[in-house]
Amino acid sequence: MENIVRRQQVLLEHLRPLERSSTSLVASPCVAGDSAAYERATDYNDDVVIVAAYRTPICKSKRGGFKDTYADDLLAPVLKAVVERTGLDPAEVGDIVVGTVLAPGSQRANECRMAAFYAGFPESVPVRTVNRQCSSGLQAVADVVAAIKAGYYDIGIGAGLESMTANPMAWEGSVNPKVETLQKVQDCLLPMGVTSENVAERYNVTRRAQDEAAVTSHARAAAATAQGKFKDEIIPVETKLVDPKSGEEKPVVISVDDGIRPGTTLASLSKLKPVFKKNGSTTAGNSSQVSDGAGAVLLMKRGVALKKNLPILGVFRSFAAVGVDPAVMGIGPAVAIPAAVKAAGLEISDIDLFEINEAFASQYTYCLQKLGLDPEKVNVNGGAIALGHPLGATGARATATLLHEMKRRGKDCRFGVVSMCIGTGMGAAAVYERGSIVDPLSNVRPIQNNNFLSHDAK
């Protein structure tokens, strides 16, 4: 009997789960090599992954390639591409969430639903819009991720759309006179260019530094275009151009971004006058371009992607939206990026590549300086100063650009960040992991207060 009891005790000891101690964590070997490791908080197959991410070309508002293109005709091609190029049955999509900013809400919601029909989606697939201003496209992706993690559906599309030709930036109606009672409320109404000047003054960002950032943006975007780097992410759009004098319509296929100026120099930019303040430093040359465009990101559970034998472009690791002083709204990424990186169980130094929206060179330059980022890791193919900033589409566009560049870089690029500032004083950021190198065993660097646990988390 004693021997039986002893054997039972030994067996029970083997079955007892090991207690983890934060002081004894060690890195385990993983197929990702010596890249940054983090503690996995969800079941491997429960990860939300990106299997496709595409965008239209970005074109200049009112005078570019999409000046005569309806908003729904911008969105439809990218919605169609994410399912057709993966071979997915569109009826399997649980929801389409579209980030969009300027159009009247109910009208744009209708246009997005119409775009889904143009793209071949059945009536059973729902569509909705979301508006967090400049981060709307990224918020749409994050909303789909959250819904998949919550178990509402297994496959969804996060998209972004803006036609700044059709819907220019303007305040409609009167402003509540109560605005005069609170400075923060007044600052919510500041023109974005004025907030750029505020950032430059408050944080000592010089005119030369801003112009240098603009030159770099155009040079990198021009080089990326010449090298064909955008071909994997851009969906050509069949549309029309209307002659403003004769009214004659000409069918065209728009396949490249048309706002890039390869010959931009410091000398040429130095001749431009400030736009928002007499002695200021923000000019048309060191600000993002007003643009038209759309993008779409197809997301699903990893387990679903594996069953369908779909390639995994990336893994969505974390998201953060934060509030900042409206008067210097451009500093948003400097606050949002650390929050998103921490939520992923990482450090800033672990991030291999950044896509930070260049709303204005002043705020973009400040954010790089504040976070101590290596400029060679940020906007390596140019940013919004050269490409343009179609407000609602930017988050989806940046996600596509980031993930395709990470794929090109291979094993030397594991983690990437998309971030942007947001009007009225906010910032948003998301952390992505390159899909082809993810392993289920990495077990160092414990995550504190993780808000992204799935129902499978232990």
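Some notes on this structure:
- Contact map, segment 246-267: first residue under 23 Å from Phe230 (Cβ atoms) and of a type in the set (Lys, Arg), second residue surrounded by 10 or more Cβ atoms within 10 Å (Cβ to Cβ) and modelled with pLDDT of 95 or more, Cβ cut-off under 7 Å, separation 6 or more or different chains; pairs are Arg261/His218.
- Contacts under 6 angstrom Cβ, first residue in segment 279-295 being in contact (Cβ under 8 Å) with a residue 24 or more places away in the chain, partner hydroxyl-bearing (Ser, Thr, Tyr) and assigned to a helix (DSSP H, G or I), 6 or more apart: Thr282/Ser196
- Set side by side, the residues Ala384, Ala400 differ, and just one is at pLDDT 95 or above, buried (at least 24 other Cβ atoms within 10 Å of the Cβ) and in contact with a Lys or Arg (Cβ under 7 Å, 6 or more places away or on another chain), which is Ala400.
- Within segment 229-255, being charged (D, E, K, R) and surrounded by 11 or more Cβ atoms within 10 Å (Cβ to Cβ) holds for Lys229, Lys231, Asp232, Glu233, Glu238, Lys240, Glu249.
- Residues located in segment 198-208, provided they are surrounded by 20 or more Cβ atoms within 10 Å (Cβ to Cβ), part of a helix (DSSP H, G or I) and out of contact with any strand residue (DSSP E or B) (no Cβ under 9 Å at 6 or more places or on another chain): Asn198
- When we screen Lys229, Lys240 for residues that are of a type in the set (D, E, K, R), touching a Pro at 6+ places or on another chain (Cβ under 8 Å) and touching a residue at least 24 places away in the same chain (Cβ under 8 Å), the only hit is Lys240.
- Whichever residue in segment 51-87 is under 25 Å from Ala224 (Cβ atoms), touching a strand residue (DSSP E or B) at 6+ places or on another chain (Cβ under 6 Å) and among the small types (Gly, Ala, Ser) and, among such residues, is surrounded by the fewest Cβ atoms within 10 Å (Cβ to Cβ): Ala81
- Residue list for segment 271-312, filter: assigned to a helix (DSSP H, G or I) and more than 23 Å from Arg202 (Cβ to Cβ): Arg302, Gly303, Val304, Ala305, Leu306, Lys307
- Residue match in segment 104-126 (condition: of a type in the set (Asp, Glu) and under 21 Å from the mean Cα position of the chain (by Cα)): no
- Residue satisfying all of: in segment 261-289; surrounded by fewer than 15 Cβ atoms within 10 Å (Cβ to Cβ) and among the basic types (Lys, Arg); farthest from Val82 (Cα to Cα) among these: Lys278
- For the residues Asp292, Asp258, the requirement of being closer than 22 Å to Ser163 by Cα, modelled with pLDDT of 95 or more and crowded, with 20+ Cβ neighbours inside 10 Å singles out Asp292.
- So Ile148, is it touching a residue at least 60 places away in the same chain (Cβ under 8 Å), in a helix (DSSP H, G or I) and under 30 Å from Asp43 (Cα atoms): yes
- Checking each residue in segment 182-229 for being under 21 Å from the mean Cα position of the chain (by Cα) and basic (Lys, Arg) picks out Arg220, Lys229.
- Top-ranked residue in segment 110-145 [being outside any helix (DSSP H, G or I) and polar (S, T, N, Q); ranked as farthest from Ala76 (Cα to Cα)]: Asn131
- Test result for Arg445, among the charged types (D, E, K, R), at pLDDT 95 or above and either touching an Asp or Glu at 6+ places or on another chain (Cβ under 9 Å) or on the phi > 0 side of the Ramachandran plot (or both): no
- Residue that is nearest to Pro311 (Cα to Cα), among those in segment 42-61 that are charged (D, E, K, R) and in a loop (DSSP other than H, G, I, E, B): Asp47
The values are calculated or read from the model by the stated rules, or taken from the named source; none is laboratory data. As the structure is a computational prediction, the values presented were derived from the model and not from experiment. All Cβ positions, even for glycine, are placed from backbone atoms using ideal geometry, and neighbour counts span all protein chains on display.
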